1. Hey, which of these cross-link pairs are over 32 Å Cα-Cα: Lys102/Lys184; Lys42/Lys96; Lys42/Lys88; Lys63/Lys96; Lys102/Lys186?
2. How much accessible area per residue does the range 48-120 have, in Å², with a 1.4 Å probe?
3. Tell me, what HN-Hα J-couplings in whole Hz come from the Karplus equation 6.51 cos²θ - 1.76 cosθ + 1.60 at θ = phi - 60° for each residue of the range 74-84, using x for Gly and Pro?
4. What nm value, rounded to one decimal, do you get for the distance between Met176 and Gln60 when each label is placed 7 Å out toward the C-beta?
5. Of the listed peptides 64-76, 150-162, what is their order by residue-averaged count of other C-beta atoms within 10 Å, with the highest listed first?
Amino acid sequence: MAQLNLTLLLIFLALFFSFLATPVEPSSRTTHKNLKTMTFIKSSCNGTLYPYLCIRCLAQYAKSPINGQQHLAQYALSVSLSRAVHTKGYLLKVAKELQAIKSNKREYLTLQDCVNQITDSVDQLSQAMKELRSFNQHGSTINDNMLWHISNVETWVSTALTDASSCVYSFPGHRMSKRVAAIKVKAMNVAQVTSNALFLFHRYASTYQKATTMTTNNS
């Protein structure tokens, strides 16, 4: 009897672990939805200056609800803001290290300017996100208030792009330390994702701007 119980227990355990080892395949409906979203992301990113970076950044949202260009622009701005915040933290850390060792005063002062520029980018992108939320609250109603929010977002994101680009070019020359090279790479990444976000927002906002133009021409 004990032998029989042991045999049954072994069979049960074998079936149990076999079930655990079997991968759970996503439903065909979910897979199709994700593929459709990725296709939309890729087609939207094609017009940007950095399409592969755009696709790579937005691919993380493939499983999120993307209701047309509105959500895509919002996600792109979120990526830009996140990169800017991360870069700001990195620059502050490097600036603190340079200040402690006092090895290169000129490099430290240049880095401080870069910190200020990226900090401005963070503030401007945060402001753009707030404006976009205000803009979205108006729904599809086209009025002067909506156009005002559109203009504000475009201004904030454009300025953030200018500041991030200024940080990139504040370290001239080809010969540079690993530290400076890392700074330029991070600042350039902020500039590139911000450029992509600005393009995607332009595309989203253009539908309202065109509708306003048609309404004005018909009145």
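The values are calculated or read from the model by the stated rules, or taken from the named source; none is laboratory data. Everything quoted here is computed from the prediction, not taken from an experiment. Reconstructed Cβ throughout: ideal geometry from the backbone, glycine too, with neighbour counts over all protein chains shown. When the accessible area is computed, the model is the full protein with side chains, heavy atoms only, and any ligands, DNA or RNA have been set aside. Shrake-Rupley method; radii C 1.70, N 1.55, O 1.52, S 1.80 Å.
1. Long pairs (Cα-Cα over 32 Å): Lys42/Lys96; Lys63/Lys96.
2. 58
3. Coupling constants for the range 74-84: 5, 5, 5, 5, 5, 4, 4, 5, 4, 5, 5 Hz.
4. The modelled label-to-label distance comes out at 2.4 nm.
5. In decreasing order of mean packing, 64-76, 150-162 become 150-162, 64-76.
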